[in-house]
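Remarks on the structure that follows.
The values are calculated or read from the model by the stated rules, or taken from the named source; none is laboratory data. Everything quoted here is computed from the prediction, not taken from an experiment. Because the Cβ atoms are built from the backbone with ideal geometry, glycine has one as well, and the counts that use them run over all protein chains shown. Ligands, DNA and RNA are stripped out before the accessible areas are found, and what is left, the full protein with its side chains, is counted by its heavy atoms. Shrake-Rupley method; radii C 1.70, N 1.55, O 1.52, S 1.80 Å.
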Amino acid sequence: MIFYTLYANDRGELLDDPYLQMLGGSGDKWVAPDPEEMTPLPEGASLVTVPRQRAVGLDGYGSPKLVSGDEAAWAVAALLPQGFTRTLIPAGVRAENGNGKLPLLGYAAIGFYDGQIYAAALQTDEHRKWHPDNFNTDDLPLKIKKFRTKYPRNRIYAQLEQCAAEYSCFTAQNIFYRRWEGGIPTENACNACCLGCISEDHMGILSPQVRLSFHPELEEICAVGVEHLAKAEDAIISFGQGCEGDPALNAELLAAAIRKIRAAAGTGTINMNTNAGYAEGVKKMCAAGLDSMRVSIFSCLSHNYNKYHNPRGYDLQTVTDSLKLAKEHGCFIALNLLTFPGFTDMESEIEALLAFVSKNPVDMIQFRNLNIDPLQLWQQIDISEEGTGIVNLIRVLETEAPHLRLGSYTPPVGKKI
Ligand code: SF4
């Protein structure tokens, strides 16, 4: 299977070049994709032009070439729906005036084969609950209005209305659809300064979301929590959303909320997405009844962890302490592995990850496509080796850590015993 190059002209029309083989990016290298790294363009994916990046491909002599023609040829990519892990980023050359930073989007390379568009991606979890067709439906505004009318002074519902309508946040919308994983943002402070943070500008890159500007009261949190856990299908409530800092810093209040919510609603899952850098906070929330915890991690090597997360007042050792504390309280633990082709699949990173999950009580790895401008990332993180392929990363985890569940999002684990 040979995939051919796709590109866009100045009118945004998508075209293929039948003389140039597709190239994808792995770290700072361009590679021709292996068929097992490619999948037919998934439903719900959107096709975009990569800003200020010229399209390239491989000619018949095996040399990379700019797509040429009468018009400019721009690199194109797919933004994948949740449940698909990217295996290659788009290859391309930044245009002369291309000094602008790419927005925080998860661009995946695409190619053309036998009349069909393929994406450099693998399906890593079931798609239904995150399929874009299930969101932004015509009846959503009315559903939002119903909650806002019932709880006119609840600031969390007001925040979630903005997240659902402006940011198209799926976990915000699920609160109004009364189903699946619903987000409850409560904290605007954070003890990390991640390069790719989506709620605060770091490295001069505009974050796609504005961080929460208030601290909700106990009653506001419990109202949202009980409404969802008691009435939603396959309900999960998750503290730690894209529009906030780290919820563990709000542990005193959230521990009280967890107890109160659990007293009123005995079903569903109470989850926290966190950097786990505040172990005392994690302990408080787990002792109060937290069922599952998802910990975001870019690397299990301290030097790379520090360069990406810029932790304040904690380090990777603190994170492992938090995992052990959480497991002592029976919590389901997932790593939210911020995955970037050519970095996460480097041999040294894979070995460190295997060592980490063998020494620490991790139940699941969720692959999260890291949305960041690769040029920005390589300025901070040195890629000392070639990537071995995201396919290889997953295969090694399947064989070397068979106890691990692999996927893309938090499963409903139910109320812990
Ligand atoms: S832990 Fe989350 S909120 Fe804090 S800097 Fe990192 S991405 Fe942003």
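Write down the accessible area per residue of segment 129-407 in Å², having rolled a 1.4 Å probe over the full set of protein chains.
On a per-residue basis, 37 Å².
Counting pairwise Cα distances across the chain, what percent come out greater than 29 angstrom? Can you show the working numbers first?
Details: 39513 of 86736 pairs.
Distances greater than 29 Å cover 46 percent of the Cα pairs.
Under a straight-distance cross-link criterion of Cα-Cα below 23 Å, which lysines are reachable from Lys65, leaving out those fewer than 8 residues away in the same chain?
Within reach: Lys29.
Which percent of the accessible heavy-atom area of the chain goes to carbon and sulfur, probe 1.4 angstrom?
Solvent-exposed carbon and sulfur of the chain make up 51 percent of the total.
Determine the dipole magnitude for segment 95-232: charges of +1 sit on the beta-carbon of Lys and Arg, -1 on that of Asp and Glu, nothing else is charged, the reference point is the Cα centre, and the result goes in debye to the nearest 20.
Numbers: 14 positive and 17 negative charges, 116 e Å.
It comes to approximately 560 debye.
Would you report the distance distribution of C-alpha pairs in segment 4-123 as whole percents per 10 angstrom bin, up to the bin with the largest distance?
Bin by bin from 0 Å, the calculated values are 14, 51, 31, 4.
Taking 0.36 nm per intervening residue step and subtracting the Cα-Cα distance, what contour gain separates Glu217 from Arg153 on full extension?
21.9 nm
Using helices alone, what [θ] at 222 nm do you get for the chain, with -39,500 (n - 2.57) per DSSP H run of 4 or more residues, divided over all residues and rounded to the nearest 500? Write out the running numbers ahead of the final one.
Details: 11 runs with 121 residues, N = 417.
Calculated from helices alone, the mean residue ellipticity at 222 nm is -9000 deg cm²/dmol.
In whole Hz, with x marking every Gly and Pro, tabulate ³J(HN,Hα) for segment 55-72 from phi via Karplus 6.51 cos²θ - 1.76 cosθ + 1.60, θ = phi - 60°.
7, 10, x, 9, 7, x, 9, x, 9, x, 9, 5, 5, 10, x, 5, 10, 5
What list of ³J(HN,Hα) values in whole Hz, one per residue of segment 268-281 in order, does the Karplus curve 6.51 cos²θ - 1.76 cosθ + 1.60 (θ = phi - 60°) give from phi, with Gly and Pro shown as x?
Couplings: x, 10, 9, 10, 10, 9, 8, 8, 6, x, 10, 4, 4, x Hz.
When each pair of different Cα atoms in segment 200-354 is counted once in the 1/r mean, what is the Kirkwood radius in angstroms, to one decimal?
Answer for segment 200-354: a Kirkwood hydrodynamic radius of 16.6 Å.
Find the Cα radius of gyration of segment 104-242, compare it with 2.2 N^0.38 Å by division, and give the number to two decimals.
So the Cα radius of gyration is 1.20 times the expected 2.2 N^0.38 Å.
If I fit a long axis through the Cα atoms of helix 155-166 and take the longest principal axis of the Cα atoms of the chain, what angle between them do I get, 0 to 90°, rounded to 10?
Taking the Cα atoms of the chain, the angle to 155-166 is about 20 degrees.
Towards the positive end of the charge dipole of segment 30-79, with charges on Cβ (+1 Lys, Arg; -1 Asp, Glu), say which of Ser68, Pro42, Leu79 has the farthest Cα.
Of Ser68, Pro42, Leu79, it is Ser68.
Distance from a point 7 Å along Cα→Cβ of Lys231 to each backbone N in segment 161-182: keep the residues under 13 Å and list them by number.
175-179
Scan around Cys190 for amide H atoms under 5 Å from its own, H built in the peptide plane at 1.01 Å from N, and keep only partners 5 or more places away or cross-chain.
Amide H neighbours of Cys190, under 5 Å, 5+ apart: Asp246.
In whole Hz and in residue order, list the ³J(HN,Hα) couplings for segment 236-252 that follow from phi through the Karplus curve 6.51 cos²θ - 1.76 cosθ + 1.60, θ = phi - 60°; x for Gly and Pro.
Each residue's phi maps through the Karplus curve to give 10, 9, 10, 7, x, 10, x, 9, 9, x, 10, x, 4, 6, 9, 4, 4 Hz.
Within segment 21-55, list the residues whose amide N lies under 19 Å from a label point set 7 Å along Cα→Cβ of Ser348.
26-29
Of Lys129/Lys324; Lys101/Lys307; Lys260/Lys324; Lys231/Lys260; Lys129/Lys231; Lys283/Lys359, which ones are farther than 28 Å apart at the Cα?
Over 28 Å Cα-Cα: Lys129/Lys324.
In the full protein assembly as shown, how much of Phe112 is accessible to a 1.4 Å probe, in Å² to the nearest 10?
Using a 1.4 Å probe on the heavy atoms, I get roughly 50 Å².
Sorted by packing (mean other beta-carbon atoms within 10 Å per residue), highest first, where do 277-289, 302-314 land?
On the way: 277-289: 21.5, 302-314: 16.5.
Top to bottom by mean Cβ count within 10 Å: 277-289, 302-314.
For the ranges 386-399, 367-380, what's the packing order if you count other beta-carbon atoms within 10 Å of each residue, average per peptide, and put the highest first? Walk me through the intermediate numbers first.
Working: 386-399: 17.7, 367-380: 19.4.
Result, highest mean first: 367-380, 386-399.
Between beta-carbons, use under 15 Å as the cut-off and find the net charge around Lys143, counting Lys and Arg +1, Asp and Glu -1.
In short, +2.
For segment 263-314, what is the convex hull volume of the alpha-carbon atoms per residue, in Å³?
Each residue corresponds to 84 Å³ of Cα convex hull volume.
Once the dipole of segment 129-407 is set up with Lys and Arg at +1 and Asp and Glu at -1 on Cβ about the Cα centre, which of Phe147, Tyr167, Asn392 lies farthest towards its positive end?
Comparing the listed Cα positions along the dipole, Phe147 ranks first.
Using alpha carbon centroids, what distance separates segment 326-376 and segment 274-318, in Å?
For segment 326-376 versus segment 274-318, the Cα centre distance is 12 Å.
Taking amide H positions as placed 1.01 Å from N in the peptide plane, with prolines and chain starts having none, which residues 5 or more places from Arg405, or on another chain, fall under 5 Å of its amide H?
For Arg405, the qualifying residues are Met364, Ile365.
What is the set of long-range amide H partners of Leu20 at a cut-off below 5 Å, with H atoms built 1.01 Å from backbone N?
Thr5
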